[in-house]
Amino acid sequence: IDIIFFGNVHSVLGHMVLHRLSGTLFVASAMAGEPTPPTIHLPVFVSPQWLAERRKAYKVVHVAWGKEQANITAVAGATYMNTDEIEYNDFNESSQGAAAQAAKGIEVGAELPKNFWRLYPDKYLLRALAFAGVGVNSSVVAYSTDIVGGARVAWAMLKAGVRDVRVLDGGVEAWRSAGQLTATTTVPRQPLAEGFGAEKSLRPHLSTDAVEVHRLAREPCRGAVADTRMRCEFEGTCNPYSYIPAAGRVAGAVWAHGSNNDQYHMETYLWPNGTRRPLNEIAKVWSRLGVCQWPVGLKRPCAFYCGTGWRSGLTTLTALDLQASAPKNFDGGWYVYSMGPDADIDPAIAPGEYMTCMNRSEAVSDYQYF
């Protein structure tokens, strides 16, 4: 599957090709007979002013983990969505509640396949979205207290095929600071009785798996694998997840400079107030680190991963806004790569020389750009 850009104006930053298409990214399938996936509307990350000007046209979803808490700060009129409704890990009891589970058609006590905090299979994911009032023809803006959670749900909706999905940059705090109306609770959702509107995800190209990541990392001229975790995770000297015993990284991956401090923040990509840094700054970092870098004219996949798929969801959506070539989120990330059915645990090796698509070796030693 390739991304096909319609437009005749482009610019090149380093070796990254950026196409300006008046806000729409067109995607076409390379497989004969397959339907053309829906267009992706850009930008994915939008400001409070952008949303305020279009508020009536968009369903707003307040994203968080667990049951909704009392006295929250929410965008007025937003509905609530628990991240456990779209993903699961087999040894953790889900907090989604009986109604959300029943909406998927999952019986109480049913055993699901081992899943490594990945999205539910389409059979259940699309029902979960319909239960949240979201279908293929919906226009949605998602947000969370930490932008990464909102990005996770927005990526899942885009992958599923929701027509128009955005992320409120800076979340509810940015919305409140802009003087927009907030509330202390969300409004009841309105599930779609007619269902999601599709039987399978319509943009599967936005996701990838361990097999493809393994291939892309070992055949640099066919793609790139970018690690969005902390430096110590990338080097294999720390492991912040109690349920992921293996330390290390995908052999052949480049570091995309995630957090400096913990697995919950993304300082390279976000300002302290939670809004995303300018795209040109991020593109500059990627150019120096070798992330999504191809000679002009080549369109290759670029897979992002982290511990389970949340941080890499943020970078995948950022790559869409940069209109980089064929970005994918490795759902399950290092968790499924190191422990899953296709596990290929690689040793932690010091950053050093690696082959790029430009057929040369390059050392990466400078990690501090901001």
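At-a-glance table
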| item | result |
| --- | --- |
| Distance from the range 44-67 to the range 98-161 (C-alpha centre basis), Å | 17 |
| Out-of-range pairs (alpha-carbon distance over 30 Å; input K104/K299; K123/K328; K284/K328) | K104/K299 |
| Highest-first arrangement of 318-327, 231-240, 104-113, where packing means the average Cβ count within 10 Å | 318-327, 231-240, 104-113 |
| Taking N as its residue count, the alpha carbon Rg of the range 30-182 over 2.2 N^0.38 Å | 1.07 |
| Hz values of 3J(HN,Hα) by residue in the range 68-78 - Karplus curve (6.51, -1.76, 1.60), Gly and Pro given as x | 4, 8, 6, 6, 7, 10, 10, 4, 4, x, 6 |
| Net charge contributed by nearby residues that have their C-beta within less than 12 Å of D164 (K/R +1, D/E -1) | +4 |
| Per-residue HN-Hα couplings for the range 96-113 [Karplus 6.51, -1.76, 1.60; θ = phi - 60°; Hz; x = Gly/Pro] | 5, x, 5, 5, 5, 5, 5, 4, 7, x, 9, 6, 4, x, 5, 9, 9, x |
| 5 angstrom amide H check on A142, placed H, neighbours 5+ away | V61, R166, V167, L168 |
| Fraction of accessible area attributable to carbon and sulfur, the range 196-263 (%, probe 1.4 Å) | 50 |
| Per residue accessible area of the range 170-238, 1.4 Å probe, in Å² | 49 |
| Amide proton proximity set for W255, modelled H, under 5 Å, gap of 5+ | D227 |
| Largest to smallest principal axis extent of the C-alpha atoms in the range 146-279, angstrom | 46, 39, 32 |
| Per-peptide average of other Cβ atoms within 10 Å, ordering 262-268, 80-86, 134-140 highest first | 80-86, 134-140, 262-268 |
| Long-range HN-HN contacts of Y88 with modeled amide H, under 5 Å | W117, R118, Y120 |
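The values are calculated or read from the model by the stated rules, or taken from the named source; none is laboratory data. Note that the coordinates shown come from a computational prediction; the quantities given were computed from them, not determined experimentally. Note that we place each Cβ from the backbone using ideal geometry, even for glycine, and neighbour counts take in every protein chain shown. Keep in mind that these areas ignore ligands, DNA and RNA; they rest on the heavy atoms of the full protein, side chains included. Shrake-Rupley method; radii C 1.70, N 1.55, O 1.52, S 1.80 Å.
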